[in-house]
Amino acid sequence: MAIELKISEVKMSAEQSGKWGMVIDQDICTGCQACVAACAMENNISFVGEVDSGYGRSMHWIRIERFWEGEYPEVKMTANQPMLCQQCGHATCEPVCPAFATVHSQAEQLNLQVYNRCVGTRYCANNCPYQVRAFNWRDYKRPEPLSNQLNPDVTVRRVGVMEKCTFCIQRIHKAQDVAKSEGREVVDGEFTTACAQACPANAITFGRVDDPESLVSQLMKQSHGVKHLEELGTLPNVTYFKGG
Amino acid sequence: MTEPKAVDLLAVFPDLEPAANAIEHLRSIGVHDECMNVISGIPVTEAMLGRPHQWTNVPRIAMGGAMLGFGAGFFLAYITPYVYPYPIQVSTQSFIPGPPTVVVLFELTMLGMLLSTFLGVFLDSFFPNYRPMKYVPEVSDGKIAILVECSHIEEQKVTDVLKKMGAESVKPAEAQHL
Amino acid sequence: MSDNKHHAGHSHEEHLREKHLMLDPLPRGQMNDMVMESMLEKPTWKFWVVVGFLSFIVVYFLFFKWGVLIAKGQGEAGVMRPDYWGIFLVNTVFWIGISHAGTFISAILRVFRAEFRRPFTRAAELMTTFGLVQAGFSIFMHMGRVWLAYWLMPYPNQRMLWPNLHSPLTWDLLAITTYLLSSTMYLFLPLIPDVAMARDRSTGWRKTFYKTLALGFRGTEGEWTHLRNAMNIFAFAIIPVMFSVHTIVSWDFAAATRPGWSSTIFGPYFIVGALHSGMGAAVAVLAVIRGTMKHMKYFIRGEHFDAIGKLMLIISMAWAYFFFNDYMVQWYGGDKWTQQLLHFHEAGPMGWMWFAMLVCNIVIPWAILWNPKWRATPWLVATVGIIINFGMWFERYIIIPISVTINRMPFTWRLYKPGIEVPMGIGTLALFILLYMIASKLIPLIPVWEVQEGQMAHELKKFGRETVVSVSELE
């Protein structure tokens with residue numbers, strides 16, 4: 001009886017593990033930062049500048065982590081690791097916000113960040129094991145001509161607000177609206193996130209993980225896929241390929 | 001009861017012992033306990049003075065406040081999640097989280113209880129009260145004052161008893177601004 | 001005090017009276033005059049210089065810098081990824097810790113009828129209230145959009161937005177609000193008879209001030225009964241509130257998914273830490289009061305420092321126990337991130353702070369407070385108290401900005417460099433001292449009626465040849 005209950009709970013959490021997902025192939029990532037730039041353009045990310053960026057205040061929603069092994073001069077680079085919000089099914093960032101500024105979307109199974117509810121306690125960022133949340137430490141000025149290219153579909157955030165990767169939810173909604181107006185379902189590959197779109201090596205694949213036929217689902221089934229810090233029980237929705 | 005005019009006498013005693021004796025004697029000459037009041041600079045218990053038990057509503061008010069506080073906590077913990085136009089899900093935690101509700105109920109119960117205890121002192125003692133009152137400042141120097149309400153006829157008798165029992169002064173009490 | 005009895009115990013008796021305030025009674029009127037004089041004594045120019053200096057610090061470092069922080073954003077402070085939490089929260093925990101001493105002294109010691117508490121319950125309670133004010137300031141400084149702080153309060157609103165009761169920060173808000181309100185009320189209730197006393201002995205604006213505060217208290221049987229009952233309820237009820245406050249503060253950390261923080265022992269560990277710093281601060285404040293205010297050498301004596309010193313020693317041992325317990329289990333767990341963190345604590349760039357914490361919190365108190373003579377020396381115990389406060393501030397600094405440096409994403413590791421939070425933190429300290437100095441001139445710091453009550457209850461009793469102190473329970 002008790003065991004049965006446990007199994008049903010496990011099933012439930014497996015079901016909760018998402019609707020949208022991403023696969024990142026670290027073996028073919030060149031570390032070119034195109035995804036970082038594309039994400040910043042798509043999502044109106046502030047231009048932080050050298051000084052603050054150098055002090056750990058860069059505001060990228062996706063970052064390329066570079067590591068090396070060994071001591072200089074015998075240094076060996078390891079695979080680049082693009083890191084972004086893992087859109088956890090069991091997110092540690094969500095329950096700790098006192099103002100309900102970061103909540104779970106029932107419809108899209110994503111972690112939402114509600115900018116205008118955020119009061120800036122920064123507890124969510126502290127509690128994110130992936131450290132992928134970006135805080136608006138200041139009102140950063142957008143240098144010309146970047147100030148002329150804001151994406152009208154995305155809110156511009158101001159000082160004191162937390163933000164993070166949304167899996168380009170504005171693109172998800174746009175695709176859903178188009179499909180709905182044409183009376184059909186969203187087709188796999190019809191749209192993708194800015195980072196996946198910009199990746200010249202095609203290292204990022206985005207799509208429905210609850211559709212077994214989609215490319216991302218097919219890729220996820222490969223045996224060398226890993227999820228980061230899965231042992232914490234966060235149910236991340238991004239799968240990484242490394243050394244395949 | 002129907003005396004047209006009663007007089008308040010205020011006797012100041014240097015210590016607890018003579019004051020307690022005086023109260024006993026006053027009772028023996030027929031002054032009712034309800035017509036006496038003791039004013040002191042430290043908390044002197046009723047037992048020390050041989051006085052009837054003082055009634056206080058503070059504990060009851062505190063209990064009432066605790067219940068109100070618990071009710072407020074209940075509202076916060078169990079009702080407000082349903083007030084939203086749509087259910088708000090955080091992580092996979094249940095809609096109404098178990099252990100955190102205990103925290104909320106505890107804090108608001110205590111807050112209700114302590115606020116109403118404080119309020120209870122105000123209600124029971126008629127605080128704040130800036131009207132003129134019968135008082136002698138020597139009380140805060142450690143003297144014990146007895147306030148006796150008696151009729152004109154009894155005035156002399158009561159004064160004699162109080163003097164005999166060691167009162168430093170006995171005089172008609174006048175309400176004054178403190 | 002000395003009568004003409006010439007027996008063997010005479011000098012012993014004298015000695016006892018000299019040592020214990022409770023055995024050395026003065027007429028109430030005289031004690032009243034002493035307390036009034038200590039309060040009304042014309043401040044020297046030094047007092048005004050200190051007040052002016054502190055006011056400048058408060059205005060410039062606390063309020064002006066806060067304005068800068070609000071205008072420019074949290075970037076003015078040293079916080080960044082991964083140190084999203086910095087000195088503002090260190091100070092919040094620190095001040096809440098300081099505030100625990102007041103409740104400990106005036107509630108726990110009252111409940112357990114520890115008689116030595118009598119002269120300084122108010123001085124300790126004032127620390128609670130003023131400390132919580134600083135904690136409140138510190139936590140608001142920390143918020144990115146402090147002008148929206150009222151969103152955290154539960155109130156019906158058009159957005160249909162209620163606070164998230166899943167969040168430890170919401171519990172914190174409820175607990176700290178409860179604690180601030182109840183400790184302020186608990187400060188006020190025993191103060192009523194004393195301001196009534198002050199009202200009877202003052203003129204001019206002070207008369208109006210005390211009259212208003214005394215609420216028309218005369219000291220009738222009814223008033224005392226209501227007050228006694230209320231104080232009794234407060235003494236018992238505020239203890240669990242105090243425990244809950246620091247436990248919930250510890251949950252801010254313990255409930256998080258971080259190496260080094262997920263510890264079930266954080267609740268009691270934080271409470272003991274709070275008492276450690278709180279008692280240290282209390283003893284320092286008492287030494288200053290004793291040294292600077294008139295007649296205070298009568299009310300606050302070596303015996304009080306001795307008694308608090310003993311408590312400090314016990315609390316220091318308890319803190320060492322909890323620290324080691326936490327450390328041992330974290331170390332034994334063998335989690336690679338926790339290992340990294342522990343290594344970083346000890347051997348990292350801030351390792352000096354980790355060792356300084358142990359020296360300030362354990363080595364120095366143990367080395368000094370074991371000795372009864374040293375323990376009864378006010379300046380020495382006060383110095384130990386201040387050292388403990390440095391140690392406890394270090395402890396919170398290690399738990400917050402140093403520990404969050406190490407997380408499970410090594411790419412982000414970075415050492416925290418404080419910015420505007422340092423002057424603003426100094427501003428909270430200045431405001432605390434300033435409020436205390438103003439209060440010492442406005443309200444009677446010694447609860448005279450409680451001292452008199454205690455002196456009535458104490459007497460010397462002879463058992464055979466031995467003269468001993470005996471206390472009767474008046475209630």
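Throughout, read-outs are computed from the coordinates displayed, never taken from laboratory work. Source: prediction; values computed, not measured. A quick note on method: Cβ atoms are made from the backbone with ideal geometry, for glycine too, and the neighbour counts reach across all protein chains shown.
Relative contact order for the stretch C:241-366 using alpha-carbon pairs under 8 Å, separation at least 6, rounded to a whole percent? Don't skip to the end; give the middle numbers.
Numbers: 82 pairs, mean separation 31.1, N = 126.
Computed value for the stretch C:241-366: 25 percent relative contact order.
What net charge do the residues around C:Ile420 carry, taking every other residue with its C-beta under 13 Å from that of C:Ile420, with Lys and Arg at +1 and Asp and Glu at -1?
Working: positive: A:Arg138, C:Lys65, C:Lys72, C:Lys417; negative: C:Glu76, C:Glu421.
That works out to +2.
Pop the C-beta distance of A:Glu74 and C:Phe411 into the FRET formula with R0 = 30 Å and round what comes out to the nearest 0.05. Write out the running numbers ahead of the final one.
Working: r = 21 Å, r/R0 = 0.71.
For A:Glu74 and C:Phe411, the calculated efficiency is 0.90.
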Fill in: Percentage relative contact order, chain C, counting C-alpha pairs under 8 Å, at least six apart
30 percent
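Check each of the trypsin sites (Lys or Arg not before Pro) in the stretch A:183-244 and keep only those in coil by DSSP with at most 14 other C-beta atoms within 10 angstrom; list them in order. Kindly include the intermediate steps, with their values, before the conclusion.
Numbers: sites: A:Arg184, A:Arg208, A:Lys221, A:Lys227, A:Lys242; in loops: A:Arg184, A:Lys221, A:Lys227, A:Lys242.
Here the trypsin sites (Lys or Arg not before Pro) that fit, given the DSSP loop and packing criteria, are A:Arg184, A:Lys221.
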Discussion item. Running a GNM on chain A with Cα contacts under 10 Å, which residue among A:His90, A:His60, A:His224 ends up with the highest mean-square fluctuation?
Written reply: A:His224
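Which longest uninterrupted range of chain C lacks any chymotrypsin sites (Phe, Trp or Tyr not before Pro) assigned by DSSP to a loop state (not H, G, I, E or B) and surrounded by at most 13 other Cβ atoms within 10 Å? Don't jump to the answer; show the numbers that get you there.
On the way: sites that count: C:Phe112, C:Trp370.
In chain C, the maximal stretch lacking such sites is C:113-369.
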Item to complete: Determine the alpha carbon to alpha carbon distance for each of A:Lys174/A:Lys221; B:Lys134/C:Lys42; B:Lys134/B:Lys163; C:Lys46/C:Lys294; A:Lys141/A:Lys174 and list only those over 26 Å.
Response: A:Lys174/A:Lys221; B:Lys134/C:Lys42; A:Lys141/A:Lys174
Worksheet, complete the sentence: Counting all Cα-Cα pairs in the protein assembly as shown, those more than 43 Å apart amount in percent to 44 percent
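Given a Förster distance of 41 angstrom, what is the FRET efficiency for A:Ser181 paired with A:Arg66, based on the Cβ-Cβ distance and rounded to 0.05? Can you show the working numbers first?
On the way: r = 43 Å, r/R0 = 1.06.
E(calc), rounded to 0.05, equals 0.40.
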Item to complete: Mind telling me which of B:Val31, B:Val161, B:Val103 comes out most flexible in a GNM of chain B, alpha-carbon contacts under 10 Å?
Response: B:Val103
Worksheet item: So which residue, out of B:Ile153, B:Ile79, B:Ile39, gets the largest mean-square fluctuation from a GNM of chain B using Cα contacts under 10 Å as springs?
Response: B:Ile79
Worksheet item: Roughly speaking, what is the stretch gain from C:Val51 to C:Gln339, that is 0.36 nm per residue apart minus the C-alpha to C-alpha distance, in nm to one decimal?
Response: 98.9 nm
Discussion item. Quick one: 3J(HN,Hα) in Hz for the stretch A:102-119, Karplus 6.51/-1.76/1.60 with θ = phi - 60°, rounded, Gly and Pro as x.
Written reply: 10, 9, 9, 7, 5, 6, 9, 6, 10, 8, 8, 10, 9, 4, 6, 9, 6, 10
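For chain B, what does the relative contact order come out to in percent, with C-alpha contacts under 8 Å and a separation of six or more? Don't jump to the answer; show the numbers that get you there.
On the way: 247 pairs, mean separation 85.8, N = 178.
Over chain B, the number comes to 48 percent.
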Item to complete: Could you check the simple spin-label distance between A:Ala37 and C:Met317, using points 7 Å along Cα→Cβ, in nm with one decimal?
Response: 6.7 nm
Practice prompt. Percent of Cα-Cα pairs per 5 Å bin, from 0 to the last occupied bin, for the stretch A:19-241, please list those.
Written response: 1, 6, 13, 18, 20, 18, 13, 7, 3, 1, 0, 0, 0
Worksheet entry | Listed residue pairs exceeding 23 Å between alpha carbons, taken from B:Lys143/C:Lys297; B:Lys143/B:Lys164; C:Lys19/C:Lys373; B:Lys143/C:Lys211 | B:Lys143/C:Lys297
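The stretch C:187-265: D in µm²/s via Stokes-Einstein (Kirkwood Rh, Cα pairs, 10 °C, 1.306 mPa s)? Intermediate results must be reported in sequence, preceding the final value.
Working: Rh = 15.8 Å.
Calculated translational D: 101 µm²/s.
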Discussion item. Which of rounded, prolate or oblate describes the stretch B:58-125 when judged by the alpha-carbon gyration tensor and an a/c cut-off of 1.5?
Written reply: prolate
